[in-house]
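I have placed the structure first, in the form of structure tokens, so that the comments after it can refer back to it.
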Amino acid sequence: MPPIEEAIAIRQQRLAGIRRTLAEVPLDHPRLTLEIGCGHGHFLTAYAAAHPQEHCVAIDIIEERLRKAQRKSDRAGLTNSTWLRAAADVFLDALPVATRFTGRILVLFPDPWPKKKHWKNRLIQPAFLSRLAEFTAPTTPLCFRTDHQPYFETALEVVSDHPDWALDPAGEWPFEHESVFESKAESFASWIARRKT
């Protein structure tokens, strides 16, 4: 099989697997929250416990992290969290078109891809924000935090210029709980943007 066809086939298999999992998730929940890049689940487990009225979906690409996150969630007795192995773009492609994140969208300490030749791999890009907006209810906040100042500045510029999102300078960070990545950070910066109506 040619490499391009093989890549397409692999992507289709991943989409099918994610869709099977999503069929068991209450995506029509009135308060649906998403964390992109959940790491070991420290933050979202604490968040889900503090927000029982929400259903929280967390994605990451590293299976071992998700296993640890699921164990934390199970020990806490949580029934309002879903842990899913998926890249952000594939996850969005797998969602039913009627899905709307109505709680919050959380992006905490994503890979900053510091080398310029790798910037194209950064999550906060215009095309990704456009795709994310399709599944986001009006006024839903997108909460971003990083310990990499150059990425913070670039992401802030990208979201500021995006037609689907508006920065919320007065917005309060919704919840604090130290994650593994935050514990290693000497400092960090955050912004909140909201889906435009």
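Would you list which aspartates and glutamates come within 18 Å of Lys117, measuring only between C-alpha atoms, while excluding same-chain residues fewer than 8 positions from it?
Glu153
Express as a percent, rounded to the nearest 5, the fraction of DSSP beta bridges in segment 3-195 (both residues included) that run antiparallel. Each step should come with its number before you reach the end.
Working: 9 of 26 bridges.
Here the share of antiparallel DSSP bridges comes out near 35 percent.
Filter the chain for me: DSSP H helices, axial length by Cα at least 24 angstrom, mean Kyte-Doolittle hydropathy not below -0.5. List them by residue number.
Values: long enough: 3-22 (28 Å, -0.19).
Membrane-span-like by this criterion, though nothing is claimed about a membrane: 3-22.
Once you've got the GNM for the chain with C-alpha springs shorter than 10 Å, pick whichever of Ser81, Ser179, Ser130 has the biggest mean-square fluctuation.
Ser130
Extent of segment 1-143 along each principal axis, from alpha carbon coordinates, in Å, largest to smallest?
Taking max minus min along each principal axis of the Cα atoms, segment 1-143 gives 46, 30, 30 Å.
Which distance in nm do the two modelled labels at Ala50 and Leu167 give, with both placed 7 Å along the Cα-to-Cβ direction?
2.5 nm
Net charge around Pro52, counting only other residues with Cβ within less than 15 Å of its Cβ (Lys, Arg = +1; Asp, Glu = -1)? Numbers along the way, then the final one.
Values: positive: Arg31, Arg104; negative: Glu54.
With Lys, Arg at +1 and Asp, Glu at -1, the neighbours total +1.
Enumerate the residues in segment 34-72 having an amide nitrogen under 18 Å from the point lying 7 Å beyond the Cα of Gln13 toward its Cβ.
61-63
Treating cross-link reach as a plain straight distance, find the aspartates and glutamates whose alpha-carbon is under 17 Å from the alpha-carbon of Lys72, omitting any fewer than eight places away in the same chain.
Counting by Cα, and skipping residues close in sequence, Lys72 has these aspartates and glutamates nearby: Glu35, Asp60, Glu63, Glu64, Glu178.
For the chain, with a Gaussian network of springs between Cα atoms less than 10 Å apart, report the residue from Gly39, Gly171, Gly77 with the top mean-square fluctuation.
Result for the chain, Cα springs under 10 Å: Gly77 fluctuates most.
Can you tell me which lysines have their Cα less than 30 Å from the Cα of Lys115? Leave out same-chain residues fewer than eight positions away.
Candidates past the 8-residue exclusion: Lys68, Lys184.
Could you compute the longest span of the chain free of GluC sites (Glu not before Pro) located in DSSP loops and having at most 14 other Cβ atoms within 10 Å, not counting the site residues?
Numbers: sites that count: Glu24, Glu134, Glu172, Glu176, Glu178, Glu186.
Answer - 25-133.
Please name whichever of Gly171, Ile61, Phe152 sits farthest to the positive end of the charge dipole of segment 3-195, dipole taken about the Cα centre and charges placed at Cβ: Lys and Arg +1, Asp and Glu -1.
With unit charges placed on the Cβ atoms, the residue in question is Ile61.
Take the alpha-carbon centre of segment 23-50, take the same for segment 122-141, and report the distance between them in whole Å.
If we compute the Cα centre of each part, the gap is 17 Å.
At 25 °C and 0.890 mPa s, what whole-number value in µm²/s does Stokes-Einstein give for the translational diffusion of segment 64-189, with Rh from the Kirkwood sum over Cα pairs?
Working: Rh = 16.3 Å.
This corresponds to a translational diffusion coefficient of 151 µm²/s.
Values quoted throughout were computed directly from the atomic coordinates according to the rules given, and no laboratory measurement underlies them. Note that the structure is a prediction, hence the values are computed from the model and not measured. So basically every Cβ, Gly included, is an ideal-geometry build from the backbone, and we count neighbours across all protein chains shown.
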